[in-house]
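Trainee: This is the structure, below, for whatever I ask next.
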Amino acid sequence: NDTLVEVHGKSYIFFDTAGMRKRAKVRASGGLEAAGVAKTERIISNADVTLLVVDASEPIGVQERILAGMLQSKRTGLIIVVNKWDLIANKTTTTINRFSETIHGSIPFLQWAPLLFVSAKTHQRVDDLFALIDQVQSNRRRQISEDELTDFWRQAVKVHKPVRGKGPAHPHILGMIQRNVAPPTFDLIIKAKRTDVLHPNYLRYLENRMRLKFDLMGTPIIINVRIASSVAL
C-alpha cells in the first residue's frame, strides 16, 4: 500500500511493504507470498529512504535480521524505527543508549543507520521522523569537493597506511574521486596491477572515517577500487 503524506509543505510517499521470511520458506509457500516478497524487494530498490521498524519490547528476531541483511546490499538510505517505546518501563537517561547498543550489536553491519525511538500509540517522536528522513536524503545526495576528498584520503593514509590484501605488492593510493550520489559513490585510485591488493578492512576503515568527517549518517557509501591506468580522470 502507498500513502501520500504532506508535512510542512513537503510531500512524502510511504510504501507499506509485506513482511519477509527466509527464502527457503518463501519458495516452499510459493504463490502470493513469493510475489509479495519480490514486490517488496523492487520497492526497496527504488526507494530513497527505507524505514526498518522493530519492536522495542522484543529482541531483534530472525525476520528483522533477514530484512537487515537484504537492506545491507541495497542503495537506499536507512532509518531504524524502534516502535512501542511506551512499553518500556523505568526509563532513565541511559535507556536509549543501552537499547541502541543492543540493536546495533544484533545487526552490526547497519551501524551507520540512525535509530529513532517512537510510539505509534502515544505519537512520541513520530513528528521527528520527517526531519530525519530529510537529513538522510540530503546525506544520500551529498557532493564532496575534490579538495575535500584529497585532504581526507591524505589524512587517512597518514593515520593508517594502506593494508595489503592479495598479491605480493603493497598498495599505494594516488587519489579519490566522487563518481555519483544517491548513494555517494567513489573511486579510490591505486597504483597496482590488481584491485584486490588493498585489504577489504582498509576500505571499511576509510568508510568509517568518511562518515565521521562528512556526516554521512543513514546512507550507504560505495568505494570502488580502481587501478590508475584504467581510470579516466
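The values are calculated or read from the model by the stated rules, or taken from the named source; none is laboratory data. The model shown is predicted, which means the values in this text are computed figures rather than measured ones. All accessible areas refer to the heavy atoms of the entire protein, side chains included, with ligands and DNA or RNA removed. Shrake-Rupley method; radii C 1.70, N 1.55, O 1.52, S 1.80 Å.
Trainee: If one computes the Cα centroid of the range 169-227 and of the range 105-121, what distance in Å separates the two points?
Mentor: 25
Trainee: Among E101, E207, E58, which one shows the highest mean-square fluctuation when the chain is modelled as a Gaussian network with alpha-carbon springs under 10 Å?
Mentor: Answer for the Gaussian network model of the chain: E58.
Trainee: With an 8 Å Cα cut-off and a minimum separation of 6 or more residues, compute the relative contact order for the chain in percent. Present the calculation step by step, with values, prior to reporting the outcome.
Mentor: Values: 334 pairs, mean separation 38.0, N = 233.
16 percent.
Trainee: Using alpha carbons only, how many degrees (0 to 90, rounded to 10) separate the axis of helix 31-46 from the longest principal axis of the chain?
Mentor: That helix lies at roughly 50 degrees to the long axis.
Trainee: Follow-up. Name the residues whose placed amide hydrogens come within less than 5 Å of the amide hydrogen of R226, ignoring near sequence neighbours (fewer than 5 apart) on the same chain.
Mentor: Distant-sequence amide H within range of R226: L188, I189, I190.
Trainee: Using a ≥ b ≥ c from the Cα gyration tensor of the range 145-188 (square roots of the eigenvalues), is it rounded, prolate or oblate, where a/c under 1.5 gives rounded and otherwise the larger of a/b and b/c decides, a/b for prolate? Intermediate values should be presented prior to the final figure.
Mentor: Values: a/c = 2.72, a/b = 1.56, b/c = 1.74.
It is oblate, given that a/c is not under 1.5 and a/b is not larger than b/c.
Trainee: Could you work out the per residue convex hull volume over the alpha carbons of the chain, in cubic angstrom?
Mentor: On the way: hull volume 39.6 nm³, N = 233.
Enclosed volume per residue, from the Cα hull, is 170 Å³.
Trainee: Hand me the tally of lysine pairs in the chain: alpha carbons under 20 angstrom apart, and the pair either on different chains or 8 or more positions apart.
Mentor: 13
Trainee: OK, next. How much of the accessible area of the range 84-158, in percent, comes from carbon and sulfur atoms when a 1.4 Å probe is used? Before the final figure, lay out each step's value.
Mentor: Values: 2190 of 4490 Å².
Percent of accessible area from carbon and sulfur atoms in the range 84-158: 49.
Trainee: Under a GNM of the chain (C-alpha, springs under 10 Å), which listed residue has the highest mean-square fluctuation: I88, I44, I144?
Mentor: Maximum among the listed residues: I88.
Trainee: Let me ask something else. Could you put V53, V81 in order of accessible surface area, largest first, with the 1.4 Å probe and the full protein assembly present? Don't jump to the answer; show the numbers that get you there.
Mentor: Working: V53 85, V81 15 Å².
Reading off the accessible areas and sorting them downward yields V53, V81.
Trainee: How large is the accessible surface per residue of the chain, computed with a 1.4 Å probe and reported in Å² as a whole number? Don't skip to the end; give the middle numbers.
Mentor: Details: 13710 Å² over 233 residues.
Averaged over the residues of the chain, the accessible area is 59 Å².
Trainee: Taking only Cα atoms, what is the 0 to 90° angle, nearest 10, from helix 62-72's long axis to the longest principal axis of the chain?
Mentor: Roughly 40 degrees between the two axes.
Trainee: Okay, next question. If I build a Gaussian network model for the chain, linking alpha-carbon pairs within less than 10 angstrom, which residue out of G69, G175, G167 has the largest mean-square fluctuation?
Mentor: Of G69, G175, G167, the Gaussian network model singles out G167 as fluctuating most.
Trainee: Another question, if that's okay. Quick one: helix 146-159 against the long Cα principal axis of the chain, what's the angle to the nearest 10°, folded into 0 to 90?
Mentor: 80
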